[in-house]
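The values are calculated or read from the model by the stated rules, or taken from the named source; none is laboratory data. Please read all numbers here as calculations on a predicted model, not as lab measurements. Heads up, the Cβs are rebuilt from the backbone with ideal geometry, glycines too, and the neighbour counts pull from every protein chain shown. When the accessible area is computed, the model is the full protein with side chains, heavy atoms only, and any ligands, DNA or RNA have been set aside. Shrake-Rupley method; radii C 1.70, N 1.55, O 1.52, S 1.80 Å.
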Amino acid sequence: MEHSALVAYALAKPGATEDEPWEGDVVAKVGGKIFAFLGGGGLGVKCGRDADEAAELRQRYPDAVTIMAYIGRYGWNSIALDADGGPIPDDELIELVDASYAAVVAKLPKSKRPA
């Protein structure tokens, strides 16, 4: 999947907004909370409740998925879209964005959840 298509998909989610909290690092937010890191031609998403659940994806795609610095212990992974061992299938990338979005929305106060 092209990076631009993945960015467009993430930003089309209900209530999603684009932000650049650090120079050159674009993120997608919902209710003021990040649900996808979109900078650098890759993707960073929440992949489970904790690092153990996120590790499952890293085991399946060891050449494409790594633990995110600083927030990996909370279940966040970095995904290389052009990994040597073969990219993650497009439908799975979409599922990862959807799951990350849903996990963040579920923790938002009702007043900040998209309609």
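Data table
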read-out: Flag for residue 103 being part of a helix (DSSP H, G or I) and open to solvent by less than 50 Å² (accessible area, probe 1.4 Å); value: yes
read-out: Lone unmet requirement of (1) part of a strand (DSSP E or B); (2) of a type in the set (A, V, I, L, M); (3) free of Cβ contacts under 8 Å to residues at least 40 places away in the same chain for residue 57; value: (1)
read-out: All positions within region 1-50 that are touching a helix residue (DSSP H, G or I) at 6+ places or on another chain (Cβ under 7 Å), open to solvent by less than 30 Å² (accessible area, probe 1.4 Å) and over 23 Å from residue 110 (Cα atoms); value: 6, 38, 43
read-out: So residue 56, is it under 30 Å from residue 111 (Cα atoms) and either out of contact with any helix residue (DSSP H, G or I) (no Cβ under 8 Å at 6 or more places or on another chain) or open to solvent by 40 Å² or more (accessible area, probe 1.4 Å) (or both); value: no
read-out: Residues of region 71-97 classified as open to solvent by less than 50 Å² (accessible area, probe 1.4 Å), part of a helix (DSSP H, G or I) and out of contact with any strand residue (DSSP E or B) (no Cβ under 9 Å at 6 or more places or on another chain), total; value: 2
read-out: Residue 26 at pLDDT 95 or above and of a type in the set (Val, Ile, Thr); value: no
read-out: Boolean, residue 85 is modelled with pLDDT under 95 and in contact with a helix residue (DSSP H, G or I) (Cβ under 7 Å, 6 or more places away or on another chain); value: no
